[in-house]
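The values are calculated or read from the model by the stated rules, or taken from the named source; none is laboratory data. Please read these numbers as outputs of a predicted model, since none were measured by experiment. So basically every Cβ, Gly included, is an ideal-geometry build from the backbone, and we count neighbours across all protein chains shown.
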Amino acid sequence: MKTKPNGLEKHGVSEERPLRSVAKRQYQPAEQIDFGTGFHTDSHAPIRYETRYGPNRQHDVFYLSSYIHDATFRIDELDLRRKSLFLPLNRDRWELYRGVGDLVSIRSELTISRVVSLRLELGHSSLLRKKFLRAPKVTIFHLHTVSEQWEGSDDEEIIIDFSYHARLRLRVGLEFRITLRDLATRQSS
């Protein structure tokens with residue numbers, strides 16, 4: 001059996017350990033979630049995806065951002081009820097995309113729970129035009145989280161960047177959850 005020094009030689013301990021990866025077998029999960037397989041699919045079934053708690057949540061947020069990239073919603077349809085924000089979306093189904101002319105859309109709802117406060121930042125003068133104010137539709141570019149924003153608090157911040165250099169900033173409690181749920185089976189774009 002091949003062995004390697006245990007790093008304790010300088011202390012007079014000469015025991016050697018086998019080369020096998022004990023840490024890998026002991027600490028890594030036997031099977032990692034394959035986000036690529038889940039994202040690229042042929043199934044037209046509606047999806048429901050919810051972030052997990054703990055260290056996996058950051059990975060889930062990145063994954064969820066890929067689902068809602070290019071989704072559109074109307075700012076005047078944002079719905080804050082109790083401590084949950086509901087965003088009705090028209091989501092492009094990038095998980096089904098295979099080529100030009102192949103993109104379909106679906107009605108979806110993004111729900112963010114444990115909202116403490118929210119702030120809508122409108123960063124472009126075109127947002128003040130009557131045409132936009134009558135139908136304030138925007139396109140989501142990116143969703144991400146920022147930790148440790150508030151001194152003396154475990155609250156986090158969720159930022160949704162969208163068109164017109166605008167963004168939605170949400171202060172959320174530590175145990176926040178984001179859920180994406182498709183509402184219809186299929187709708188073409």
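Points worth noting:
- Odd one out for Ser108, checked against (1) of a type in the set (Gly, Ala, Ser); (2) closer than 27 Å to Leu133 by Cα; (3) without any contact (Cβ under 8 Å) to a residue 60 or more places away in the chain: (3)
- Residues (among the basic types (Lys, Arg) and either closer than 14 Å to Ile140 by Cβ or touching a strand residue (DSSP E or B) at 6+ places or on another chain (Cβ under 6 Å) (or both)) located in segment 78-101: Lys83, Arg91, Arg93
- Scan of segment 61-77 for residues that are touching a strand residue (DSSP E or B) at 6+ places or on another chain (Cβ under 6 Å) and either assigned to a strand (DSSP E or B) or free of Cβ contacts under 8 Å to residues at least 60 places away in the same chain (or both), ordered by number: Thr72, Phe73, Arg74, Glu77
Table: residues versus (1) in a loop (DSSP other than H, G, I, E, B); (2) among the aliphatic types (A, V, I, L, M); (3) within 23 Å of Asp60 (Cα to Cα); (4) at pLDDT below 95.
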| site | (1), (2), (3), (4) |
| --- | --- |
| Gly99 | yes, no, no, yes |
| Leu110 | no, yes, yes, no |
| Phe141 | no, no, yes, no |
| Gln149 | yes, no, yes, yes |
| Ser153 | yes, no, yes, yes |
| Glu157 | no, no, yes, yes |
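- Test: residue in segment 49-67 that is at pLDDT 90 or above and under 30 Å from Lys131 (Cβ atoms): yes
- Residue that is closer than 22 Å to Arg48 by Cβ, over 15 Å from the mean Cα position of the chain (by Cα) and surrounded by fewer than 17 Cβ atoms within 10 Å (Cβ to Cβ), where the choices are Leu103, Leu133: Leu103
- Evaluating Leu122 against the criteria (1) under 21 Å from the mean Cα position of the chain (by Cα); (2) within 19 Å of Ser163 (Cβ to Cβ); (3) touching a residue at least 24 places away in the same chain (Cβ under 8 Å) leaves one unmet condition, (1).
- Test result for Leu80, out of contact with any Ser or Thr (no Cβ under 8 Å at 6 or more places or on another chain), over 28 Å from Ser43 (Cβ atoms), of a type in the set (A, V, I, L, M) and part of a helix (DSSP H, G or I): no
- Only one entry of Val115, Val138 meets the criterion of being over 28 Å from Ala45 (Cβ atoms) and hydrophobic (A, V, I, L, M, F, W, C), and that entry is Val115.
- Within this structure, Val172 fails the test of being touching a Ser or Thr at 6+ places or on another chain (Cβ under 7 Å), surrounded by 14 or more Cβ atoms within 10 Å (Cβ to Cβ) and either part of a strand (DSSP E or B) or not small (Gly, Ala, Ser) (or both).
- With respect to the stated conditions, Leu89 is within 30 Å of His40 (Cα to Cα) and either free of Cβ contacts under 8 Å to residues at least 12 places away in the same chain or surrounded by 12 or more Cβ atoms within 10 Å (Cβ to Cβ) (or both).
- One residue stands out among those in segment 159-175 that are hydrophobic (A, V, I, L, M, F, W, C) and more than 12 Å from the chain's Cα centre (by Cα): the one that is modelled with the lowest pLDDT, which is Leu174.
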